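To start, the structure itself, in structure tokens.
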Amino acid sequence: MRKRTAGLIGAVGSLALASTLAACGSSSNTTAPLSNAVDVRDAKHPEWSKFTFTIGDNGGDGSQALAKLTGVFDNAPYQVKFARFTYGPPLVQAAASGDIDLGSVGDVPPITGAAKDYGFKVVAVNRSLTSEQAVENIIVPKGSKLKSAADLKGKKIAVPQGSSAHGLALNALRSVGLTPKDVKLTFLDPAAGATAFNTGKVDAWSIWNPQSAIAVKNGARILVKGLPPIDQTSSYYVASDTSLKDKTKRAALTDVLKRLSREFAWAVKNPDQYAQALSKEQGIPLADAKASLAAYSNRVTPVEQSDIELEQKLADAFLEAGQITKKVDVKSIIDNLLPAGYDSSKLKVTS
């Protein structure tokens, strides 16, 4: 375990870190589907052997379980570990401090992190393969009389502060001419938000899957879907400035990202195993994991101009609404690790 683990816990708090750092053990199964899938030339870098990369796992995305299942890091000339976070803002903070090297977050955490001058960069995009599938929603309890976003005026909305769900809430209000001052935003982490929602202490909850899917399965209703033009369906990989500025470490980190994208490409083609991985990491029933599986079906690509424009628009909306106090120049936090044209959905993976 890295010596900085204690610092990580102190920096982001016990709510953010759901599990301690754990080494990604090599698969003992010699037939692991991706154990030899990466170009052997990428595995022959003795100068990378001194590195141990910590990957931020945002909310149990299956990355750690998939790494062991697929063996994608088996022939890597470096070690990897995983750190679990319950939502994005603390993950960005950990990347800035160097406690993690790479991790995926929603569209808002890079904005709120940049507004606080955290030292990190956005290095890639996780794009939804199903454009009609919302990754997050604003939901209301069974029996609620609220019918549209306009009905949220004067109501209490639970939302994880600085998260993508915060962005959804802000944009949903803006779409009907409302501002945060017209509602009662109650900033709660996902666990506390679930409690408040289930006990009737809030009127609505802006939250991602699987929490949204599980709540709907149990009788809740979707009030606002997290779909364009109100919301993005993409998430973003962030990396520490420290790792990116070191030429050798940067090259190795690019390899880490490619392997992660390969394991997720495999997962999309093997939904049963993917659901099992999500169930294991999130501690939820397999049926609930399957219900939210579509929200995790993504392809990894470089950041494009259209992404920058969407993020800039969102950053400006946050500033206008008083949710951040400093203007963010999104271009200044972009540093692509992947080559132009890279698309993980086009990778050849065995099933």
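In a GNM of the chain with a 10 Å cut-off on Cα contacts, which of Ala294, Ala134, Ala192 has the highest mean-square fluctuation?
Ala192
Could you sort the peptides 285-292, 119-126, 174-181, 296-303 by per-residue average Cβ neighbour count (10 Å cutoff), highest mean leading? Write out the running numbers ahead of the final one.
Values: 285-292: 17.8, 119-126: 23.9, 174-181: 13.8, 296-303: 21.6.
Highest mean packing first, the order is 119-126, 296-303, 285-292, 174-181.
Under the definition of Cα pairs under 8 Å and six or more residues apart, what whole-number percent is the relative contact order of the chain? List each step's numbers first, then the result.
Details: 696 pairs, mean separation 79.7, N = 351.
Computed value for the chain: 23 percent relative contact order.
What percent does the relative contact order of the range 223-351 come to when contacts are Cα pairs within less than 8 Å and at least six residues apart? Let's see the in-between values first.
Working: 88 pairs, mean separation 34.2, N = 129.
RCO, the range 223-351: 27 percent.
Where is the GNM fluctuation largest for the chain (alpha-carbon springs, 10 angstrom cutoff): Gly88, Gly62, Gly341?
Gly341
Quick check: at a probe of 1.4 Å, how many percent of the accessible area of the range 117-191 sits on carbon and sulfur atoms?
Working: 1580 of 3200 Å².
Percent of accessible area from carbon and sulfur atoms in the range 117-191: 49.
Roughly how far apart, in whole Å, are the Cα centres of the range 47-72 and the range 212-242?
Cα centres, the range 47-72 to the range 212-242: 23 Å.
How much solvent-accessible surface does Glu304 expose, in Å² to the nearest 10, with a 1.4 Å probe and all protein chains in place?
Approximately 90 Å² of Glu304 is accessible to the 1.4 Å probe.
Considering the options Pro302, Val330, Leu188, tell which one lies farthest towards the positive end of the dipole of the chain, charges being +1 on Lys and Arg and -1 on Asp and Glu at the Cβ, about the Cα centre.
Final value for the positive-end residue is Leu188.
Determine, from the Cβ-Cβ distance of Leu347 and His45 and an R0 of 30 Å, the FRET efficiency 1/(1 + (r/R0)^6), rounded to the nearest 0.05. The partial results should precede the final answer.
Numbers: r = 20 Å, r/R0 = 0.68.
Given R0 = 30 Å and the Cβ-Cβ separation, E is 0.90.
If r is the Cβ-Cβ distance from Arg174 to Ala251 and R0 is 30 Å, what FRET efficiency results, to the nearest 0.05? Numbers along the way, then the final one.
Details: r = 42 Å, r/R0 = 1.39.
Computed FRET efficiency for Arg174 and Ala251: 0.10.
Report the calculated FRET efficiency for Glu309 and Lys156 (r = Cβ-Cβ distance, R0 = 35 Å), to the nearest 0.05.
Working: r = 33 Å, r/R0 = 0.94.
Between Glu309 and Lys156 the formula returns 0.60.
Hey, can you list the DSSP H helices of the chain whose Cα span along the axis is 27 Å or longer and whose average Kyte-Doolittle score is at least 0.0?
Values: long enough: 247-269 (34 Å, -0.41).
Going by DSSP H runs, there are no hits.
Summing -39500 (n - 2.57) over the DSSP H runs of n ≥ 4 in the chain and dividing by its residue number, what mean residue ellipticity at 222 nm do you reach, to the nearest 500 deg cm²/dmol?
The helix contribution divided over the chain gives -10500 deg cm²/dmol.
How much space per residue, in cubic angstrom, does the convex hull of the C-alpha atoms of the chain take up?
Values: hull volume 43.3 nm³, N = 351.
That works out to 123 Å³ per residue.
Per residue, how much accessible surface does the chain expose to a 1.4 Å probe? Answer in Å², no decimals. Intermediate results must be reported in sequence, preceding the final value.
Working: 14890 Å² over 351 residues.
Heavy-atom SASA per residue in the chain reads 42 Å².
The values are calculated or read from the model by the stated rules, or taken from the named source; none is laboratory data. Values in this document were obtained by computation on a predicted structure and should not be read as measured data. So basically every Cβ, Gly included, is an ideal-geometry build from the backbone, and we count neighbours across all protein chains shown. The protein model used for the area step is the full one, side chains on, heavy atoms only, and it has no ligands, DNA or RNA in it. Shrake-Rupley method; radii C 1.70, N 1.55, O 1.52, S 1.80 Å.
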